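Asker: Please read through the structure below; I'll follow up with questions.
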Amino acid sequence: TDCFLKLFSKATTMLYWADWGWVNPKSRQRYHHTAKWLQDHEYPTRGHVLIWPSWRWLPKATKGLENDPDALRRMAREHITEVVEAMKEYDLVEYDVMNEPRVNHDLMDILGDEVMLEWWRTAEAADGRQVLYINEYSLLTGAGHTESEQDHYEKTSRYLLDNGAPLGGIGMQGHMSEGLTPPPRVYEIIDRFAAFGLPIQITEFDIEIDDEEAQADYLRDFFTIVFSHPATDSLIQWGFWEGMHWKPRAAMFRKDWTLKPNGQAYLDLVLGEWWTDEKGMTDKDGRFVIRGFCGDYSITIGDDAVSNTCTLSKDGASVRVERL
């Protein structure tokens, strides 16, 4: 817990619609507990995912309705409403409405592409406060030779926007393995989707390779190139501890919590190079001006430790701290 709180400023809670997920009372309770814990610790939280539209990932009951499209459509719509309304109390900031439509399209094959529009509108109607994302894989991987995958994702995203779906963000998974994509190519792919004018998130990042030094070097370079693009909003690790990682080689901490080289690279960037920690004296007018990275700041003055907090955005910020 302490490690998580120190290293991360945003999180994802799982909301899989599956017999082993939302349908299972124990799993649903775990989803609630995760969302509540993150809320209690004031973490911006995204929900993943409302619809993963393949029989492989959906409850078995959906497959039983493949010959009753009206009932299938209604079941999906009612599920989205149920989840979003159930999660209202936790103030989630984002949802992945749909996951991996390029290869997971069983529902669209039966109900038509227009059902995707219905999913976004249903999610918005159930709450309306969240940014509603689409999420896809195989865009940034494979050394960047993913033109067909990019074409499909661009077409799907454009279809949603052109038909009035409240699509609010573009999610790109980043499950990297052998054949790492050169950082300039990563930038090019992000830049292609930046044309939509929507925030872009790297929603699921890890690097599964054996060479730990190369793993660390690539984390540093990937994070740097993503951070440098003005359209990117977040970069979310898909696990960090070997003891609870779907790809243990990708973890930043070993089972005994010793730090791996990629973990050190993460710390050097996030808590080092990108962490603004300034000290100084005010001028004759009592002002102290700094240039810092966006984020939350704690400001302390004087021996009496009078303090205040503020959030620095791209537009800048000013804060007044006074002794009473």
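Asker: Report the one residue of 57, 93, 3 whose Cα lies farthest in the direction of the positive end of the charge dipole of the stretch 1-99 (charges on C-beta: Lys and Arg +1, Asp and Glu -1; origin at the Cα centre).
Answerer: 57
Asker: Counting only residues 5 or more places away or on other chains, whose amide H sits under 5 Å from the amide H of residue 51 once H atoms are built in the peptide plane?
Answerer: Hits under the 5 Å cutoff: 98, 99.
Asker: Still on this model: Which values of log₁₀ I(q)/I(0), to two decimal places, follow from the Debye formula for the chain at q = 0.13, 0.15 Å⁻¹ with a uniform point scatterer at every Cα?
Answerer: These q points yield log10 I(q)/I(0) values of -1.06, -1.34.
Asker: Taking N as the number of residues in the stretch 223-269, what is its alpha-carbon radius of gyration divided by 2.2 N^0.38 Å?
Answerer: Cα Rg divided by the expected 2.2 N^0.38 Å: 1.28.
Asker: Another one. Count charges around residue 179 for me, please; just the other residues with Cβ under 14 Å from its Cβ, Lys/Arg as +1, Asp/Glu as -1.
Answerer: -3
Asker: Report, by chain and number, residues whose modeled amide H sits under 5 Å from the one on residue 19, excluding near sequence neighbours (fewer than 5 apart, same chain).
Answerer: 60
Asker: Could you work out Rg/(2.2 N^0.38 Å) for the stretch 1-131, with Rg from alpha carbons only?
Answerer: For the stretch 1-131, the normalised Cα radius of gyration comes out at 1.08.
Asker: Using a cut-off of 10 Å between beta-carbons, work out the net charge of the residues near residue 220 (Lys and Arg +1, Asp and Glu -1, residue 220 not included).
Answerer: Residues near residue 220 contribute -4 overall.
Asker: Could you give the size of the charge dipole of the stretch 8-92 about its Cα centre, using +1 on the Cβ of each K and R and -1 on the Cβ of each D and E, expressed in debye and rounded to the nearest 20?
Answerer: 280 debye
Asker: Around residue 306, which amide H atoms from residues at least 5 apart in sequence, or from another chain, sit under 5 Å from its own amide H, with H modelled in the peptide plane?
Answerer: 301
Asker: Using a 1.4 angstrom probe on heavy atoms only, work out the carbon and sulfur share of the accessible area of the stretch 199-287 in %.
Answerer: Carbon plus sulfur share of accessible area: 52 percent.
Asker: Grab the DSSP H runs of the chain that are 4 residues or longer, score each as -39,500 (n - 2.57), total them, divide by all residues and round the 222 nm result to the nearest 500 deg cm²/dmol.
Answerer: The per-residue figure over the chain is -11000 deg cm²/dmol.
Asker: Taking 0.36 nm per residue of sequence separation and subtracting the Cα-Cα distance, how much length would be gained by fully extending the chain between residue 224 and residue 155, in nm to one decimal?
Answerer: Additional length available on full extension: 22.0 nm.
Asker: Per residue, how much accessible area does the chain have with a 1.4 Å probe, in Å²?
Answerer: Dividing the accessible area of the chain by its residue count gives 52 Å².
Asker: How much length, in nm to one decimal, is gained on full extension between residue 40 and residue 195, taken as 0.36 nm per residue of separation minus their Cα-Cα distance?
Answerer: Length difference between fully extended and current span is 52.2 nm.
Asker: Could you estimate the translational diffusion coefficient of the stretch 201-324 from the Stokes-Einstein equation, with Rh from the Kirkwood formula over C-alpha pairs, at 37 °C and 0.692 mPa s, in whole µm²/s?
Answerer: 192 µm²/s
Asker: Residue 29 versus residue 282, label points 7 Å from Cα toward the beta carbon: distance in nm?
Answerer: Placing both labels 7 Å along Cα→Cβ, they lie 5.4 nm apart.
Asker: Further, regarding this structure: HN-Hα J couplings of the stretch 93-107 from phi, Karplus 6.51/-1.76/1.60, θ = phi - 60°, integer Hz, Gly and Pro as x?
Answerer: In residue order, the calculated couplings are 9, 8, 10, 7, 6, 9, 10, 6, x, 4, 10, 10, 9, 4, 5 Hz.
Asker: Report the local net charge at residue 3: Lys and Arg +1, Asp and Glu -1, summed over other residues whose C-beta lies under 14 Å from its C-beta.
Answerer: Charge balance near residue 3 sits at +1.
Asker: I've got another one for you. Give the distance, in whole Å, between the Cα centre of the stretch 132-206 and the Cα centre of the stretch 220-295.
Answerer: A separation of 22 Å, based on Cα centres.
Asker: Hey, another quick one. What list of ³J(HN,Hα) values in whole Hz, one per residue of the stretch 240-250 in order, does the Karplus curve 6.51 cos²θ - 1.76 cosθ + 1.60 (θ = phi - 60°) give from phi, with Gly and Pro shown as x?
Answerer: In residue order, the calculated couplings are 9, 10, 4, x, 9, 10, 5, 10, x, 5, 7 Hz.
Asker: Which residues in the stretch 284-316 have a backbone N closer than 15 Å to a point placed 7 Å from the Cα of residue 273 along the Cα-to-Cβ line?
Answerer: Counting backbone N atoms under 15 Å from the label point, the list is 293.
The values are calculated or read from the model by the stated rules, or taken from the named source; none is laboratory data. Just so you know, these numbers come straight off a predicted model, no measurement behind them. We place every Cβ from the backbone using ideal geometry, glycine too, and count neighbours over all the protein chains shown. What goes into the accessible areas is simple: the full protein's heavy atoms, side chains included, and nothing from ligands, DNA or RNA. Shrake-Rupley method; radii C 1.70, N 1.55, O 1.52, S 1.80 Å.
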